[in-house]
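The values are calculated or read from the model by the stated rules, or taken from the named source; none is laboratory data. Bear in mind that the values here come from a model prediction, so they are computed numbers and not experimental data. When we count neighbours, we look across all protein chains shown, and the Cβ atoms used for this are built from the backbone with ideal geometry, even at glycine. For accessibility, only protein heavy atoms count, side chains too; no ligands or nucleic acids. Shrake-Rupley method; radii C 1.70, N 1.55, O 1.52, S 1.80 Å.
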Amino acid sequence: MKLMTITVTNGSHKGETFFVADNSSLSIGRGADAALCIADDHRAFRQHAIIGLKDGEAYISDLASTNGTFIGKIKVFSRDKLKDGDIVFIGRTYFKITIKEQ
């Protein structure tokens, strides 16, 4: 079974860590209802993206945001795979992805 760690690497949430277990996900956005709320990032949408693990495969889905979601310099258009060490950009907030066997 895998566990994904999402570490915020800049901004007001720098250093905060979130965990996603296999077959679960969390929402990222500016809205208060987002599991990973980046309310102070005005380039992020209220419901910006979903990040999760499904059957051991890590993924991120952009929720049709105007400013986009990026893995490195590559724009996510729908649902893309994540790998250990990826850096995700949403608005002006960066996240480091770590994926480990549990």
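For this structure, a couple of remarks:
- Quotient of the Cα radius of gyration of the chain and 2.2 N^0.38 Å, N being its number of residues: 0.96.
- Cα centroid separation - region 1-43 against region 57-96, whole Å: 12
- Taking only the alpha carbons of region 1-55, we obtain Rg and Dmax values of 11.5, 36 Å in that order.
- Note on Ser12 and Lys75: the extension gain reaches 20.3 nm, defined as 0.36 nm multiplied by sequence separation minus the Cα-Cα distance.
- The count of lysine pairs in the chain with alpha-carbon distances below 22 Å, taking only pairs 8 or more places apart or on different chains, stands at 23.
- Highest-MSF residue in the chain out of Arg30, Arg43, Arg92 [GNM, Cα springs under 10 Å]: Arg92
- Among the chymotrypsin sites (Phe, Trp or Tyr not before Pro) in region 1-99, those placed in a DSSP loop whose Cβ has at most 14 other Cβ atoms within 10 Å are Phe77.
- Solvent-accessible area per residue in the chain equals 55 Å², computed with a 1.4 angstrom probe and all protein chains kept.
- Based on the Stokes-Einstein relation at 37 °C and a viscosity of 0.692 mPa s, and on the Kirkwood radius from alpha carbon pairs, region 45-102 is assigned a translational diffusion coefficient of 283 µm²/s.
- Full-stretch length increase - Ala39, Lys96 - with 0.36 nm per residue and alpha-carbon distance subtracted: 18.6 nm
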